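Q: Sending over a structure as structure tokens; questions will come in a sec.
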Amino acid sequence: MPSIRYLWLALAVWGTVHPMYYFIGWFIENEWSILAMVDAWHANLATSGLVWDLTVAAVTLTVWVIVETIRTRNWRGLWAIPATYCIGVSCGLPLYLFLRPVPARGA
């Protein structure tokens, strides 16, 4: 495995663990309420802007994954889609880069 792939995997793990630390802490304080989380995402213009920024990034990543999966038949790359929506773009993007096939040397 080329060394850059280790970096993608490490970033996917970091993109899972670091945000989940904050999400789980928030959920514990707020009785695991999804609706309260959505309300918090739109607490002010700055947080709403960040939510929309990440939403556009998630949709863009999803389209890229689907188009490239159809082209390359790399079905395992589809794991990046649920990772993106269940964890976040911080996990989904580096996970997808890790799951992409390694080009043959000289290609």
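Each value in this text was obtained by applying a stated rule to the coordinates, not by laboratory testing. None of the values given here were measured: they were computed from a predicted structure. Ideal geometry is used to build each Cβ from the backbone, glycine not excepted, and the neighbour counts take in all protein chains shown.
Q: Between rounded, prolate and oblate, where does segment 1-67 land on the alpha carbon gyration tensor, with a ≥ b ≥ c its root eigenvalues, rounded for a/c under 1.5, else prolate if a/b exceeds b/c? Intermediate results must be reported in sequence, preceding the final value.
A: Values: a/c = 2.74, a/b = 1.50, b/c = 1.83.
Here segment 1-67 falls in the oblate category.
Q: Determine ³J(HN,Hα), in whole Hz, for all residues of segment 89-96 in sequence, where each value follows from phi through the Karplus function 6.51 cos²θ - 1.76 cosθ + 1.60 and θ = phi - 60°; x replaces Gly and Pro.
A: 4, 5, 9, x, 5, x, 5, 5
Q: Now, a different point. Could you list 33, 90, 3 in order of exposure, starting from the residue whose Cβ has the fewest other Cβ atoms within 10 Å? It would help to have the intermediate numbers written out before the result.
A: Details: 33 12, 90 21, 3 6.
With the sparsest Cβ surroundings first, the list reads 3, 33, 90.
Q: Further, regarding this structure: Per DSSP H run of n ≥ 4, the term is -39500 (n - 2.57); total these for the chain, divide by its residue number, and report the mean residue ellipticity at 222 nm rounded to 500 deg cm²/dmol. Display every interim value, and only then the final one.
A: Values: 5 runs with 81 residues, N = 107.
Computed mean residue ellipticity for the chain: -25000 deg cm²/dmol.
Q: Let me ask something else about it. What's the ranking of 23-31, 52-60 by average number of surrounding C-beta atoms within 10 Å, highest first? Intermediate values should be presented prior to the final figure.
A: Values: 23-31: 11.3, 52-60: 13.1.
The densest-packed peptide leads the list: 52-60, 23-31.
Q: How much net charge surrounds residue 47 when only other residues with a Cβ under 12 Å from its Cβ are counted (Lys, Arg +1; Asp, Glu -1)? Numbers along the way, then the final one.
A: Values: positive: none; negative: 39, 53.
Overall, the nearby charge balance is -2.
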